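Take a look at the structure below.
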Amino acid sequence: MSLTAVQETDSKVDKSDARVRRMFGEIAGRYDFLNHLLSAGVDKYWRWRTVRKVPPQGERPVLDLCTGTGDLAIAFSRASRGRTPIVACDFCHEMLVLGEAKGRQHRERLGSNTAEGQITFIEADTQRLPLSADHFQIVSVAFGLRNVSDTDRGLAEMVRVCAAGGKVAVLEFSMPHWQPFRAVYGWYFRNVLPRIGQLLSGNRSQAYRYLPESVGEFPSGEALAERMRQAGLIEIEIYPMTLGVATLYLGTKRA
Ligand SMILES: C[S@@+](CC[C@H](N)C(=O)[O-])C[C@H]1O[C@@H](n2cnc3c(N)ncnc32)[C@H](O)[C@@H]1O
């Protein structure tokens with residue numbers, strides 16, 4: 001599929017930076033609780049599996065974008081036993097405040113009073129990162145790229161800041177292929193999840209209605225793999241998880 005063809009499918013859902021930032025700001029306090037509830041805790045497994053597929057090695061830092069409350073950043077730090085420095089970035093202040101608190105708890109659990117377990121949280125837009133090129137061994141994003149208003153610009157920034165030979169990891173929701181699970185899950189995802197999410201989060205920006213809408217129109221499978229190739233990545237690997245409810249995409253920056 002050509003890049004032009006893919007771009008033409010973008011985007012009927014309002015993904016303006018201001019709307020997305022406001023929406024996550026409104027649900028930040030309930031974000032973790034609802035994440036675990038609505039996925040029956042499986043979201044933890046998806047992040048764990050991501051870290052297993054791209055384990056951090058040595059002291060070159062890892063960057064987690066759209067980090068939210070920092071769960072994937074913490075999973076990377078834990079996997080390296082605190083040895084790899086982690087930078088966690090998001091443009092929503094309320095999410096970052098919670099992430100920083102969790103980062104401090106993580107360091108306490110490690111018993112660290114040195115640089116060990118250090119997670120540096122920075123407030124920045126994934127489309128305009130205030131970070132040097134060719135720097136990070138892994139650049140990751142979990143359930144975030146779908147929300148970035150310009151997907152290709154987000155991917156281009158991920159590739160720019162990744163070190164030569166480093167890995168770019170995108171974890172994102174997808175729709176299962178296998179019927180009848182696809183039908184049952186589709187019904188839950190479109191009808192049950194938004195109602196429970198809206199009820200329990202009580203936000204005005206319809207965040208949990210936005211979720212199935214944004215997943216429905218975001219490229220998945222080979223279409224997203226092609227976007228990653230267009231951004232300059234090679235050796236794209238695709239790992240569907242939990243019957244395709246989420247998918248991990250890995251790419252390598254040319255050495
Ligand atoms: C669904 S949450 C995912 C959080 C976390 N990665 C996780 O696994 O739970 C999406 C996050 O992406 C952030 N986000 C969306 N667009 C962004 C952008 N352009 N720049 C930085 N952060 C962005 C939101 O603020 C939100 O915290």
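Under a Gaussian network description of the chain, with springs only between Cα atoms under 10 Å, the residue in A73, A156, A133 that fluctuates furthest is A133. Taking other residues whose beta carbon is less than 12 angstrom from the beta carbon of C162, and scoring Lys, Arg as +1 and Asp, Glu as -1, yields +3.
Solvent exposure of the chain, expressed per residue, is 46 Å² of accessible area, with all protein chains present and a 1.4 angstrom probe. On full extension, the segment bounded by I234 and R128 gains 35.9 nm, given 0.36 nm per residue less the C-alpha separation. Ligands, DNA and RNA left out, the 1.4 Å accessible surface of segment 53-122 is 47% carbon and sulfur atoms. How big is the gap, in Å, between the Cα center of segment 59-103 and the Cα center of segment 145-186? Answer, in whole Å: 18. When the C-alpha to C-alpha distance is required to be over 28 Å, the pairs from K12/K102; K12/K44; K53/K102; K12/K253; K15/K53 that qualify are K12/K102; K12/K44; K12/K253; K15/K53. Protein heavy-atom surface of segment 136-175, 1.4 angstrom probe: 55% of the accessible area is carbon and sulfur, with nucleic acids and ligands not counted. Placing a label point 7 Å from the Cα of R209 along the Cα-to-Cβ direction, the residues of segment 17-42 with a backbone N closer than 15 Å are 23. Label-to-label distance for D14 and A101 is 2.9 nm, based on points extended 7 Å past Cα in the beta-carbon direction. The slack in the chain from W178 to Q198, taken as 0.36 nm per residue of separation less the alpha-carbon distance, amounts to 4.4 nm.
The values are calculated or read from the model by the stated rules, or taken from the named source; none is laboratory data. Keep in mind it's a predicted model, so treat the numbers as computed, not measured. Ideal geometry is used to build each Cβ from the backbone, glycine not excepted, and the neighbour counts take in all protein chains shown. Keep in mind that these areas ignore ligands, DNA and RNA; they rest on the heavy atoms of the full protein, side chains included. Shrake-Rupley method; radii C 1.70, N 1.55, O 1.52, S 1.80 Å.
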